Amino acid sequence: MTEETPGFEEKSDVPSGATPDDAEPQAASPSSSGEGAAPAGDASAQIAGLTAQLDQVRKALEERTADLQRLQAEFQNYRRRVERDRIAVKEIAVASLLTELMPTLDDIGRAREHGELVGGFKSVAESLETAAAKMGLQQFGKEGEPFDPTIHEALMHSYAPDVTETTCVAILQPGYRIGERTIRPARVAVAEPQPGAAQTGKAESSDAAETADDDKESGGPDEG
C-alpha cells in the first residue's frame, strides 16, 4: 500500500516557463469558432429586411404612379370640359348678337331687290353683311328646292301642275344658320302637285300597261 507523502501537491499540465493565466485562452478557443459563424446569419437577415423594404417602396411607387395617372386623366377631362363650355358660350353670344341683326339684314335684302342699295348705304350694308359672314352667319333658302320642314317654314300654300313634290316656289324671308345650327328657318311659299295629276298619271300608266298586255296576247299589231 503506497502512502502519500504529506505536503505534496499535484501540479497541472502547464509547460515550463508559462503561468496559469496563459492556459485560459486555450480553454476558451473552442467557442471562438461559433462566434465566427454568426455574421453569416446576420447578413441573411439584413438581406431579407432590405428585400422587404424594397417591396414596400416598389408598392408605394406603384400606388403613387396610379394616383398621378388618375389625376392627369381628371385634369385632361376638366380641360376638355372647360374648352367645350367656352365654345358653347361663345356660340350662344354670337347667335344672340346675329339674331338682333337679322331684321336689319332683311331690310338690306329688300332694298337690294328694289334697287335702293346705292351710295354710302350700299357700302355700310355690304360691310355689315361681311362682318356677319365672318362671325359664321350663313344665309340659305332658294326657289325651286324641295320643302324641308326642319329648315323651312311654309307661310303660303298652293298647287302647281309642273311640280312633282312639295317645292319652295318663293322665298319670303331667307333662313340663317351658324355652322350646323339653324337660328331661323327660311320662310317660304310652297306648291304641291295638283291632286288629280297623280291619279291621271297613274291611270295613263295603267292604260299603257293594259295595251301592252293586249299586244302580247294577240301576237303584236296586225300587219297590212
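The values are calculated or read from the model by the stated rules, or taken from the named source; none is laboratory data. From a predicted model like this one, the values you see are computed outputs, not experimental measurements. Here Cβ is always computed from backbone atoms with ideal geometry, including for glycine, and neighbour counts include all displayed protein chains. Ligands, DNA and RNA are stripped out before the accessible areas are found, and what is left, the full protein with its side chains, is counted by its heavy atoms. Shrake-Rupley method; radii C 1.70, N 1.55, O 1.52, S 1.80 Å.
Worth a mention:
- Placing dummy labels 7 Å off each Cα toward the beta-carbon, the span from Glu192 to Ala111 is 4.0 nm.
- Counted residue by residue at 0.36 nm each, then reduced by the alpha carbon distance between them, the extension gain from Glu74 to Ile87 reaches 2.7 nm.
- Heavy-atom accessible area, probed at 1.4 angstrom with all protein chains present, ranks Phe75, Phe140 as Phe75, Phe140, highest first.
- For region 59-96, applying the loop criterion from DSSP together with a ceiling of 13 other beta carbons within 10 Å to the GluC sites (Glu not before Pro) yields no site.
- When the GluC sites (Glu not before Pro) in region 126-177 are filtered for DSSP coil states and for at most 12 other beta-carbon atoms within 10 Å of their beta-carbon, the remaining sites are Glu143, Glu165.
- For the pair Ala154 and Gln138, the difference between a 0.36 nm per residue extended length and the Cα-Cα distance amounts to 3.8 nm.
- The solvent-accessible area of His114, taken with every protein chain present and a 1.4 Å probe, is close to 130 Å².
- By accessible area with a 1.4 Å probe, ligands and nucleic acids excluded, highest first: order of Glu192, Glu100: Glu100, Glu192
- Rounded to the nearest 10 Å², the accessible area of Thr167 at probe 1.4 Å: 20
- Relative to the Cα centre, the charge distribution of region 81-196, modelled as +1 at Lys and Arg Cβ and -1 at Asp and Glu Cβ, gives a dipole magnitude of about 540 debye.
- Accessible surface ranking for Ile87, Ile47, Ile151, 1.4 angstrom probe, highest first: Ile47, Ile87, Ile151.
- Of the solvent-accessible surface of region 131-200, computed with a 1.4 Å probe over protein heavy atoms with every protein chain present, carbon and sulfur atoms account for 52 percent.
- Gyration tensor (alpha-carbon) shape descriptor, region 62-120, a/c threshold 1.5: prolate
- Length gained on full extension, Thr99 to Ala43: 11.8 nm, using 0.36 nm per residue less the C-alpha separation.
- If you sort the three axes of the alpha carbon gyration tensor as a ≥ b ≥ c, you get a/c of 1.5 or more for region 57-181 and a/b no higher than b/c, which makes it oblate.
- Euclidean distance between Cα centres, region 39-75 to region 120-159, Å: 68
- By a 1.4 Å probe calculation restricted to protein chains, Lys142 has an accessible surface near 140 Å², given to the nearest 10.
- Given +1 at the Cβ of Lys and Arg, -1 at the Cβ of Asp and Glu and no other charges, the dipole of region 35-97 around its Cα centre is 680 debye to the nearest 20.
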